Amino acid sequence: MIDFFDAVFFDMDGLTVDSEPQWLLSEQEVVQPFGYVWTQDDQVACLGGPLSKLGDYMSARVGNKESSEYFVEELIRIQANRMRSNTTAMPGAIELINSLRSHGIKTALVSASPRVIIDAVLDNIGHDLFPFSLSGDDVRNTKPDPEAYLKAAQISGSNIADCLVFEDSLPGMKAAIDSGAWLIAVPHLVHVEESSRVRSINSLQQLNIDKLRELKQDFSTEI
């Protein structure tokens, strides 16, 4: 499509699917046997970061009674099972993705989550929703490093400077910004400062193909 972003990349957790409440339940389940009460503050402290960071955080909070690797493995197992049986799309996400694809716009799902969790989500929302997906297992350096978005652009045959990214977490936003892409943030539990290449909205329901076309022409246009 002329005068449009060459490709549009979507984060998964909290952006494409409403998985953050599920992550909170899984995190609570993992640490509960150690007598630690996991709260939303703990979740925010680890939001969007690599699972190794989350494992380190959990291990420290329970007095290093188990290794970081133990908590990562348990969390992946529990969360994959939970997402395989219960995945809800975020409002407006599926509609926007389908609209982009129907207009011939290249898309991809780009997540820091491991492949097993992405596949569990796609088992519910459809493996054909995106032409391809990238997990944290598919890159050497996951978010907040820009590698995943740069790789998505390469696979799509696109210049990252002409690509648009949707993100909800600060590490994901940093990855998008550092990659050189345009960014529309739908922040979850965090505050976002807008700039010439960064916009912030409350919901994907605020957008459609025509509004995105306007934004490509003038990224400061009202949303």
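Here are some residues: Ala161, Ala153. Which one is surrounded by 23 or more Cβ atoms within 10 Å (Cβ to Cβ), part of a helix (DSSP H, G or I) and over 15 Å from the mean Cα position of the chain (by Cα)?
On the way: Ala161 fails: surrounded by 23 or more Cβ atoms within 10 Å (Cβ to Cβ).
Matching residue, one of Ala161, Ala153: Ala153.
Restricting attention to segment 138-150, which residues are closer than 11 Å to Val110 by Cβ and either part of a loop (DSSP other than H, G, I, E, B) or touching a Cys at 6+ places or on another chain (Cβ under 7 Å) (or both)?
At the first step, the residues of segment 138-150 found to be closer than 11 Å to Val110 by Cβ are 138-139, 142-143, 146-150.
Once the filter is applied, which keeps residues that are closer than 11 Å to Val110 by Cβ and either part of a loop (DSSP other than H, G, I, E, B) or touching a Cys at 6+ places or on another chain (Cβ under 7 Å) (or both), segment 138-150 yields Val139, Thr142, Lys143, Pro146.
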Output yes when any residue across segment 202-210 is under 29 Å from Asn86 (Cα atoms), over 17 Å from the mean Cα position of the chain (by Cα) and surrounded by 17 or more Cβ atoms within 10 Å (Cβ to Cβ), and no when none is. yes
If a residue must be under 20 Å from Lys216 (Cβ atoms) and charged (D, E, K, R), how many such residues does segment 139-192 contain? 2
So Gly48 fits all but one of (1) of a type outside the set (A, V, I, L, M, F, W, C); (2) closer than 23 Å to Pro146 by Cβ; (3) crowded, with 21+ Cβ neighbours inside 10 Å; (4) out of contact with any Pro (no Cβ under 9 Å at 6 or more places or on another chain); what number is the exception? (4)
Which residue is nearest to Val8 (Cα to Cα), if the candidates are limited to segment 176-201 and must be surrounded by 14 or more Cβ atoms within 10 Å (Cβ to Cβ) and polar (S, T, N, Q)? Ser179
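Only one of these is out of contact with any strand residue (DSSP E or B) (no Cβ under 7 Å at 6 or more places or on another chain) and either closer than 21 Å to Gly172 by Cβ or charged (D, E, K, R) (or both): Ala89, Ala45, Ala60, Ala108. Name it. Before the answer, list the steps.
Details: Ala89 fails: out of contact with any strand residue (DSSP E or B) (no Cβ under 7 Å at 6 or more places or on another chain); Ala60 fails: either closer than 21 Å to Gly172 by Cβ or charged (D, E, K, R) (or both); Ala108 fails: out of contact with any strand residue (DSSP E or B) (no Cβ under 7 Å at 6 or more places or on another chain).
Just a single option satisfies the conditions, and that option is Ala45.
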Looking at (1) within 23 Å of Arg140 (Cβ to Cβ); (2) assigned by TED's automatic domain parsing to the domain that holds Ser158; (3) in a helix (DSSP H, G or I); (4) modelled with pLDDT under 95, find the lone condition where Ser52 falls short. (2)
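The values are calculated or read from the model by the stated rules, or taken from the named source; none is laboratory data. Small disclaimer: the values here were computed from a predicted structure and weren't measured. Counting neighbours? That spans all protein chains shown, and the Cβs are built from the backbone with ideal geometry, glycine included.
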